[in-house]
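I have placed the structure first, in the form of structure tokens, so that the comments after it can refer back to it.
The values are calculated or read from the model by the stated rules, or taken from the named source; none is laboratory data. Note that the coordinates shown come from a computational prediction; the quantities given were computed from them, not determined experimentally. All Cβ positions, glycine included, derive from the backbone under ideal geometry; neighbour counts span all protein chains shown.
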Ligand SMILES: [Zn+2]
């Protein structure tokens, strides 16, 4: 049986780690962005935000985020999906936080976020297996499923 990721539960690539899936995701996104209809109108940027936020939220430990940064990301993603903030507003929010003393990555002794989610309805491998077709909609669904799962888990 193939080993699975301790954080998201996805099957790991032969001899690899879940972060290899993340790199494959970024390569797939590069392909998706080659389509001018996606690249124009900011759809690609939104998809990138959904994809990276989703992966980070499912891997707060592996991606080495501080608990505060994870909370902020979750709130930004929820606000963006609900249409409360634009991507530009999300970026200026991140910039403001980064301008201060706030660190995004953990140092020794910092609290590690662990969600205690039994299983995620969607993982990075579900997004990868769909390929280029429908990528933007799929990463949005992935992001929504994560927020819903965290809410249901009371995390
Ligand atoms: Zn994983």
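Name the one entry in 94, 127 that is outside any loop (DSSP other than H, G, I, E, B) and at pLDDT 95 or above.
Only one candidate passes the filter, namely 127.
Listed residues 18, 8; which is within 15 Å of the ligand (Cβ to nearest atom), under 12 Å from the mean Cα position of the chain (by Cα) and closer than 30 Å to residue 109 by Cβ?
8
Restricting to the range 1-44, count the residues that are on the phi > 0 side of the Ramachandran plot and either in contact with a strand residue (DSSP E or B) (Cβ under 7 Å, 6 or more places away or on another chain) or modelled with pLDDT of 90 or more (or both).
The qualifying residues number 2.
Of all residues in the range 33-44 being in contact (Cβ under 8 Å) with a residue 12 or more places away in the chain and touching a helix residue (DSSP H, G or I) at 6+ places or on another chain (Cβ under 6 Å), which is farthest from residue 117 (Cα to Cα)?
The qualifying residue farthest from residue 117 (Cα to Cα) is 38.
To keep it simple, each residue is scored yes or no on (1) exposed (fewer than 13 other Cβ atoms within 10 Å of the Cβ); (2) closer than 27 Å to residue 36 by Cα; (3) in contact (Cβ under 8 Å) with a residue 60 or more places away in the chain; (4) in contact with a strand residue (DSSP E or B) (Cβ under 9 Å, 6 or more places away or on another chain).
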site	(1), (2), (3), (4)
59	no, no, no, yes
78	no, no, yes, no
83	yes, yes, no, no
87	no, yes, no, no
92	yes, yes, no, no
103	no, no, no, no
125	no, yes, yes, yes
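Could you pull out the residue among 48, 116, 23 that is surrounded by fewer than 13 Cβ atoms within 10 Å (Cβ to Cβ) and assigned to a helix (DSSP H, G or I)?
Checking each option against the conditions leaves just 23.
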